[in-house]
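This report concerns only the one structure given below.
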Amino acid sequence: MKAVIQNSVRHNLIRIVAIAAGAALLILVLSESIYNFLSYRNTMADNLLTQAKIMGLNSTAAILFEDRMDAEETLSALDAVPGVVYAAIYTANGKTFATYQKKRSEGVPVQPSPQAEGHFFEVNYLSVIQPIIVKNESIGRIYIRSILKELYMDMAMHVLIIVAIGIVSLSIGILLLTRLHKIITGPLLHLVSVMKTVSEGKDYSLRARVQGPSEMRYLSEGFNEMLGQIRERDSELEWNRRHLEETVRIRTLELTETNEELGKEVALRRETNELLENIFSNVHVLLAYMDTDFNLIRVNNRYAEADGRGPEFFIGKNHFALYPNEENEAIFRKVVETGETFFVRAKPFRYAEHPERGTTFWDWSLRPVKDEYGKVTGLVLSLIDVTQNIMLYAELMRADHLASIGKLAAGVAHEINNPINGVINYAQILLNRSDTESKEHEIAGRIIKESDRIAGIVRNLLSFACDKKEEKRPTDLRAVLADSLALTETQLINDGTRLNVHMPDDLPEVVANHQQIQQVFLNVISNASYALNLKYPPAHEEKVLEITGTRTELEDKPYVRMIFHDHGTGIPAGILVRIMDPFFTTKYGDKGSGLGLSICHGIISDHGGRIRVESTEGEYTKVIIDLPALLGEGIC
């Protein structure tokens, strides 16, 4: 303390600011490091739990059918997940069903206890245990173990960066302080110099320059007035000198305290602004700030990227000029009027300028910004894309539906194949024993032919119901259509529907999954049959389904086009844009789930193709499917 008092005002000012800034830097580094460490841990745990859920869903079929190789193949996908060193699937009774261990990883962890569930941190590892649920029943558990090396490296790097930035900032602040301190100390040093000269030379005619902050001006004026009175009040010189020194000391302390407080407040506001700006710009949620007339004031990077533009494009533009929607505009106006927050889940949205994206689904909220009097002065719109979650749910329902059909088909095949084989055998005996030209021989031949057809239908049904994880391979769409019609043609004929099929012999093959494309064809044929039966319950000359396969080109590339054309009820123009949305259906009662065309759209997109619908209400519907053609060695 004695050394501080003896130092000059300049040195003390620099030292005090440096100590205060250093303490603030230390607190910042500690708090930021602890916060980010906990945040990184939670994020890593959430990501690993999500990975476990996905792996569990993908392993459902393997567990149900006790296909250990398929389960281990599913777990092998964890090779692409950084940090994962071990994974295992356990059956409902706790036995190990399938395992995965990354090469060169450390020893295999012990099997977790049956009651364990969730995530668990160790010194160097993170483990997650997730139940595998099918129809609200646990069929097993999945266990994934990940190393925390990446977390520790990220934290060390983060601390080093913060410390480096803090040291550089502190150095710059001290450098600026050494340059600018003269604004405060200059007038004070001048006044001290004058005082020293007067004290040593006893020349009371000298005057100090009036300069610097108001306090220093006051001191200078008081000092000059004092010098003017010294000649008349020489006897009071000592008292005035002590008074002046005390005033200087008090003012100096006040200036020092004020400067420290101002410095802290400026630094705090700067850090707060930088933090808020960083959060706004980089958060994964789409954010937009607008006035009460819905003119955009600011959007973050994710909001702009979702529309394929830069953030500056949106400033000053009206939200509903960019995205017209009467329903949403009414919601926005209600929030402005009532001042109440609005929130909705999985709201469908279509980009007018990007129809190729189809329908997306968003969780979004609209929050009012109010002034100190409670008046709404702006709106904050936040959006989260949940399209993938909706599609995953639809795919899960599809898988569950196929599994149910598979069980039914297996039972049907067992119950029908045995008696049908007996019918074929007895018919063959009659055929062999009868004269070739006899009526009995002809009847026995017909029995064998129709029995073979029944057996073929059962095989096709069983093949379709088994959701095989086959790779895409060269596929003849004529064969796919033939398998589809083998399951549906009899019902179409019984309904009085005429089939006109035009499939050229030279139609190119496509690279596809036979079963998935058959599912698309069956769904489209089923929809066409429903529309025809709705319009023409009995047989009618216009009750026709035309199926045509042709060659075509899209963007100078060859495609195979399949057209399913019916003259049924058609689709109203107002809902035509929504027919690909999950869970949207126009069928009455329990006739449809609203997932068919949505799944078809996903299958065709996965094959690099396109599906679109043309329709006029009350007249016709065309479903047009384009798939890349296979020419020579590959897809062209």
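The values are calculated or read from the model by the stated rules, or taken from the named source; none is laboratory data. Keep in mind the model is a prediction, meaning the values are calculated, not measured. Reconstructed Cβ throughout: ideal geometry from the backbone, glycine too, with neighbour counts over all protein chains shown. Only protein heavy atoms, including side chains, enter the accessible area calculation; ligands, DNA and RNA are left aside. Shrake-Rupley method; radii C 1.70, N 1.55, O 1.52, S 1.80 Å.
List pairs: first residue in the range 282-305 and closer than 18 Å to E329 by Cα, second residue aromatic (F, W, Y) anywhere in the structure, Cβ distance under 7 angstrom, at least six positions apart or on different chains.
L287/F280; L287/Y303; A288/Y303; F294/F320; F294/F332; L296/F314; I297/Y289
If a residue has to be in contact (Cβ under 8 Å) with a residue 60 or more places away in the chain and among the charged types (D, E, K, R) to count, how many in the range 63-103 make the cut?
1
Is there a residue in the range 155-164 that is in contact with a Ser or Thr (Cβ under 6 Å, 6 or more places away or on another chain) and either within 25 Å of D79 (Cβ to Cβ) or not hydrophobic (A, V, I, L, M, F, W, C) (or both)?
No: the range 155-164 contains no residue that is in contact with a Ser or Thr (Cβ under 6 Å, 6 or more places away or on another chain) and either within 25 Å of D79 (Cβ to Cβ) or not hydrophobic (A, V, I, L, M, F, W, C) (or both).
Condition (residue is open to solvent by less than 50 Å² (accessible area, probe 1.4 Å), in contact with a Lys or Arg (Cβ under 6 Å, 6 or more places away or on another chain), within 19 Å of I625 (Cα to Cα) and not β-branched (V, I, T)) applied to the range 493-512: is it met by at least one residue?
Looking for residues that are open to solvent by less than 50 Å² (accessible area, probe 1.4 Å), in contact with a Lys or Arg (Cβ under 6 Å, 6 or more places away or on another chain), within 19 Å of I625 (Cα to Cα) and not β-branched (V, I, T), one finds at least one in the range 493-512, hence yes.
If G308 passes every condition in (1) at pLDDT 85 or above; (2) outside any helix (DSSP H, G or I); (3) of a type outside the set (A, V, I, L, M, F, W, C) but one, which one does it miss?
Going through the list (1) at pLDDT 85 or above; (2) outside any helix (DSSP H, G or I); (3) of a type outside the set (A, V, I, L, M, F, W, C), G308 breaks only (1).
Which residues, taken from the range 294-322, are in contact with a Pro (Cβ under 7 Å, 6 or more places away or on another chain) and either open to solvent by 20 Å² or more (accessible area, probe 1.4 Å) or among the acidic types (D, E) (or both)?
Once the filter is applied, which keeps residues that are in contact with a Pro (Cβ under 7 Å, 6 or more places away or on another chain) and either open to solvent by 20 Å² or more (accessible area, probe 1.4 Å) or among the acidic types (D, E) (or both), the range 294-322 yields only N301.
So which of L286, L275 ends up being under 26 Å from L176 (Cα atoms) and modelled with pLDDT under 90?
L275
Only residues in the range 145-173 that are under 13 Å from N36 (Cα atoms) count as the first member; pair them with residues that are modelled with pLDDT under 80 and among the polar types (S, T, N, Q), Cβ under 8 angstrom, at least 6 apart or cross-chain, and list the lot.
M155/S33; M155/N36; H158/S33; H158/N36; V159/S33; I162/S33
For residues that are charged (D, E, K, R) and open to solvent by 50 Å² or more (accessible area, probe 1.4 Å), scanning just the range 122-180, find the one that is nearest to G263 (Cα to Cα).
R179
For every residue, the table says whether it meets (1) in contact with a strand residue (DSSP E or B) (Cβ under 6 Å, 6 or more places away or on another chain); (2) in a loop (DSSP other than H, G, I, E, B); (3) at pLDDT 85 or above.
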site	(1), (2), (3)
V85	yes, no, yes
I89	yes, no, yes
P112	yes, yes, no
V123	no, yes, no
R141	yes, no, yes
E150	no, no, no
A156	no, no, no
S169	no, no, no
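What number goes with the only condition from (1) modelled with pLDDT of 80 or more; (2) charged (D, E, K, R); (3) open to solvent by 20 Å² or more (accessible area, probe 1.4 Å) that D626 does not pass?
Result: D626 passes all but (3).
Does the range 336-352 hold any residues that are hydrophobic (A, V, I, L, M, F, W, C), within 12 Å of W362 (Cβ to Cβ) and modelled with pLDDT of 75 or more, and which are they?
F343, V344, A346
Of everything in the range 95-107, what is at pLDDT below 80 and open to solvent by less than 80 Å² (accessible area, probe 1.4 Å)? Give them in sequence order.
Matches in the range 95-107: S105, G107.
Which one of these does E329 not meet: (1) at pLDDT 90 or above; (2) part of a helix (DSSP H, G or I); (3) open to solvent by 90 Å² or more (accessible area, probe 1.4 Å)?
The failed condition is (3).
Is it fair to say S463 is assigned to a helix (DSSP H, G or I), closer than 28 Å to V510 by Cα and at pLDDT 80 or above?
The answer is no for S463.
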